[in-house]
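Enquirer: Quick one: structure below, then a few questions.
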Amino acid sequence: MKIPIRKKWGQNFLIDPNIIRKIISVLNPKKNQNILEIGPGKGALTKSMAAMDLNISAIEIDPMLCEYLKGQKLNNVKIYNEDILKFDCSIMPKDYMVIGNLPYNISTPILFKSMEDMRWTKMVVMLQKEVAERIVSNYGNKKYGRISIMMQSFFDVNLEFNIPRTVFNPQPKITSSLLLIKPKKNINIEYRKLKLVVENAFKHRRKKLAHNLKNI
């Protein structure tokens, strides 16, 4: 079954077995763990995890890839032909883990979505190196900004390693990075209120904070 590459969905498929093993080892799931996989593609991660007795919910927007994955008859894998940004994460059992190769054009909205449903325990995602560096950057760094504050307010975030473009097919034009993200405990912050403040604070970077925040 020949499946065309859809650029509009940012499809770059992992093909390197060593990188696949390395990524799953960072997630380090236990037997019968519930996994939400974002963008399984042709199942590079899915097939390896299915052999580990995990319960996988794979969210794939491409209907042709969904048919392909269903044809693989993988144990304990449910395929959802949906947009991850519209997927109802509340159907997932509590304490699930998240893994995925995030499409570069919607990686930030996906991460913001993760703040709305915080019942997961660990997230391991591949995304554009520049975005990953902004997420983990410290105050005072030029890369520090809105996504740095939001992510670091709710999560402990670590850049595990960079992923060369040569391990994908087709090869992307940029280098990727793998992030390990864990929710912080006992956080008393309201996501929507913090989001409102941060969005306004960074709306006009050359103006004083008092000006940017005067309406809220």
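The values are calculated or read from the model by the stated rules, or taken from the named source; none is laboratory data. In this text the structure is predicted, and so the values were computed from the model without any measurement. Note: ideal-geometry Cβ built from the backbone for every residue, glycine included; neighbour counts use all protein chains shown. We work out accessible area using only protein heavy atoms, side chains counted, and drop any ligands, DNA or RNA first. Shrake-Rupley method; radii C 1.70, N 1.55, O 1.52, S 1.80 Å.
Enquirer: Given axes a ≥ b ≥ c from the Cα gyration tensor, I'd like to know whether region 57-102 is rounded (a/c under 1.5), prolate (a/b larger than b/c) or oblate.
Expert: Cα axes put region 57-102 in the oblate bin.
Enquirer: Rounded if a/c is under 1.5, else prolate if a/b beats b/c, else oblate: with a ≥ b ≥ c from the C-alpha gyration tensor eigenvalues square-rooted, which is region 110-173?
Expert: Verdict is oblate for region 110-173.
Enquirer: Which percent of the accessible heavy-atom area of region 29-116 goes to carbon and sulfur, probe 1.4 angstrom?
Expert: Summing carbon and sulfur atoms, their accessible area is 47 percent of the total for region 29-116.
Enquirer: Shifting gears a bit: Considering only the other residues whose Cβ falls under 13 Å of the Cβ of ASN34, what net charge follows from Lys and Arg at +1 and Asp and Glu at -1?
Expert: +3
Enquirer: For the chain, what is the accessible area per residue in Å² when the probe is 1.4 Å?
Expert: Normalised by residue count, the accessible surface of the chain is 55 Å².
Enquirer: Within straight cross-link reach of LYS203, meaning Cα distance under 19 Å, which lysines are found once same-chain residues fewer than 8 apart are removed?
Expert: Here the lysines satisfying the reach criterion relative to LYS203 are LYS142, LYS143, LYS193, LYS195, LYS214.
Enquirer: For region 78-168, state which trypsin sites (Lys or Arg not before Pro) are in a DSSP loop and have at most 11 other beta carbons lying within 10 Å of their beta carbon.
Expert: Within region 78-168, the qualifying trypsin sites (Lys or Arg not before Pro) (loop, at most 11 other Cβ atoms within 10 Å) are LYS86, LYS94, LYS142.
Enquirer: Given only helices, namely DSSP H runs of n ≥ 4 each adding -39500 (n - 2.57), what is the per-residue ellipticity at 222 nm of the chain, to the nearest 500 deg cm²/dmol?
Expert: Helices in the chain give a 222 nm mean residue ellipticity of -8500 deg cm²/dmol.
Enquirer: A follow-up question, please. What longest range of the chain stays clear of loop-exposed GluC sites (Glu not before Pro) (DSSP non-H/G/I/E/B, at most 16 other C-beta within 10 angstrom)?
Expert: Answer - 1-81.
Enquirer: Now for a separate question. Identify the chymotrypsin sites (Phe, Trp or Tyr not before Pro) of region 119-185 meeting these criteria: DSSP loop state and at most 12 other C-beta atoms within 10 Å of the C-beta.
Expert: Within region 119-185, the qualifying chymotrypsin sites (Phe, Trp or Tyr not before Pro) (loop, at most 12 other Cβ atoms within 10 Å) are TYR139.
Enquirer: Sticking with this one: Aspartates and glutamates within cross-link reach of LYS78: Cα-Cα under 19 Å, excluding same-chain residues under 8 positions apart?
Expert: Excluding near neighbours in sequence, the set is GLU37, ASP53, GLU60, ASP62, GLU67, ASP88, ASP95.
Enquirer: Binned at 5 Å from 0, what are the whole-percent values of the Cα-Cα distance distribution for the chain, short to long?
Expert: 1, 6, 15, 18, 19, 16, 10, 7, 4, 2, 1, 0
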